[in-house]
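A quick write-up on the structure given underneath.
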Amino acid sequence: MDRGFIYIFDWETGKMEDSVATKNCGKLQNYSGFTYISADTILVYNSAENILFMLDSVGKVRDRWLVPRYDDFKENPLPTIEALNGTRPELLAGRIMLSGPILGNMSQAKGLRVPVSETIDTETGQWRNVAFYPEVYSDENLGSQYMNAFSVAKDDSGRVIFSYAALDKVLRYKADFSSCDTLLMKSRYDKGIVPCDLSPEEFDADPNEEIRYYINQPTYSGVMYDKYRKVYLRIAEHAFSGWDGKESFAKPFSIIVADKDGMIISESSVVKDRLLFNRKNMHIGKEGLIVSMRNADENNLYFACFEIKTK
């Protein structure tokens, strides 16, 4: 998606099949996002106008919902989702879920339950918070806003899976969020996070210190469900001390594969070629895990495919 169209490509041929205009959704900014469900069900979130749209195949608005906002944090200490920032709207049974991390140091929210996801009932228009940051975020000083990031996926049973940057476990909710269990999809390279000893003011004085703290810690990012092989995938990011302050701060990473019981099947690391990949753009295909590659050519997209072995 760019600021005017959603482009639909055929993975097999690499050719563009269609494009859907987003002009009816207003001006889309960096923290906006979309999910292509089917030709007549495309979800688009406009972060600037706080509106969620459902489009058909020609860009006509089928429905829209205003996402509530609270300006007074003291009166409403549970803010709603503002920026998707790497997550996608999810279509659940009769509901749509928006998820997104907050900025700032979470240790300053001690004693509060800060939401990460909210759902709207498509019939009644009622919004409700359904998932919140784990307690470790307010119990420890994790310093960096990068630690607030998380990823969300849905499996073929309708369960919703959350992978938090600072949590070695994956949280898995029932489709109605009535209960949650955990899967220990921990990397063998994870030696534990060291709490930060710098203040938000010190990060403001030197933004590179915020980045340096983050890349020196083991963290987690994307989580996906592989419907072809019936397994979960999770990206583990390795602690890295070699950042020079100039290059991209992409960490070495590994791909964890686990069955539906959370039993780890394999973990494959990518160290030397870490800077080649844009892990914000990943997909599951019949061939395996498809990951976008960084390139300077704005007219072409390039992908690598990692074969996923389950034995």
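The values are calculated or read from the model by the stated rules, or taken from the named source; none is laboratory data. Bear in mind that the values here come from a model prediction, so they are computed numbers and not experimental data. Cβ atoms come from the backbone with ideal geometry, glycine included; neighbour counts cover every protein chain shown. Keep in mind that these areas ignore ligands, DNA and RNA; they rest on the heavy atoms of the full protein, side chains included. Shrake-Rupley method; radii C 1.70, N 1.55, O 1.52, S 1.80 Å.
With the structure loaded, tell me whether SER248 is free of Cβ contacts under 8 Å to residues at least 24 places away in the same chain, hydroxyl-bearing (Ser, Thr, Tyr) and farther than 25 Å from SER107 by Cβ or whether it fails that test.
Here the answer is no, as SER248 does not meet what is asked.
Only residues in the stretch 24-39 that are touching a residue at least 12 places away in the same chain (Cβ under 8 Å) and under 16 Å from PRO89 (Cα atoms) count as the first member; pair them with residues that are assigned to a loop (DSSP other than H, G, I, E, B) and open to solvent by 50 Å² or more (accessible area, probe 1.4 Å), Cβ under 6 angstrom, at least 6 apart or cross-chain, and list the lot.
Taking only residues 6 or more apart or on different chains, the pairs are LEU28/ARG3; GLN29/ALA48; TYR31/ASN85; GLY33/ARG88; PHE34/MET1; THR35/ARG88.
For the subset of the stretch 123-151 comprising residues that are closer than 16 Å to GLY104 by Cα and hydroxyl-bearing (Ser, Thr, Tyr), which member is nearest to the chain's Cα centre (by Cα)?
Residue satisfying both the conditions and the ranking: TYR146.
Go through the stretch 1-59 and tell me which strands (runs of 3 or more DSSP E), entirely inside it, have 3 or more residues that are open to solvent by 50 Å² or more (accessible area, probe 1.4 Å), charged (D, E, K, R) and modelled with pLDDT under 85.
So the answer is none; nothing clears 3.
Listed residues GLY242, GLY285, GLY222; which is among the small types (Gly, Ala, Ser), at pLDDT below 95 and closer than 21 Å to LYS169 by Cβ?
Selected residue: GLY222, the only one of GLY242, GLY285, GLY222 that is among the small types (Gly, Ala, Ser), at pLDDT below 95 and closer than 21 Å to LYS169 by Cβ.
Of all strands (runs of 3 or more DSSP E) completely enclosed by the stretch 110-219, which ones contain at least 1 residues that are open to solvent by 60 Å² or more (accessible area, probe 1.4 Å)?
127-132, 150-154, 180-183
Of the residues that make up the stretch 257-265, is at least one in contact with a Ser or Thr (Cβ under 7 Å, 6 or more places away or on another chain) and of a type outside the set (Lys, Arg)?
For the stretch 257-265, residues in contact with a Ser or Thr (Cβ under 7 Å, 6 or more places away or on another chain) and of a type outside the set (Lys, Arg): present.
Do the conditions hold for ASP204, that is, is it acidic (Asp, Glu), within 24 Å of LEU142 (Cα to Cα) and at pLDDT below 90?
yes
Taking the condition more than 18 Å from the chain's Cα centre (by Cα) and on the phi > 0 side of the Ramachandran plot, does GLY262 pass?
Answer is yes for this residue.
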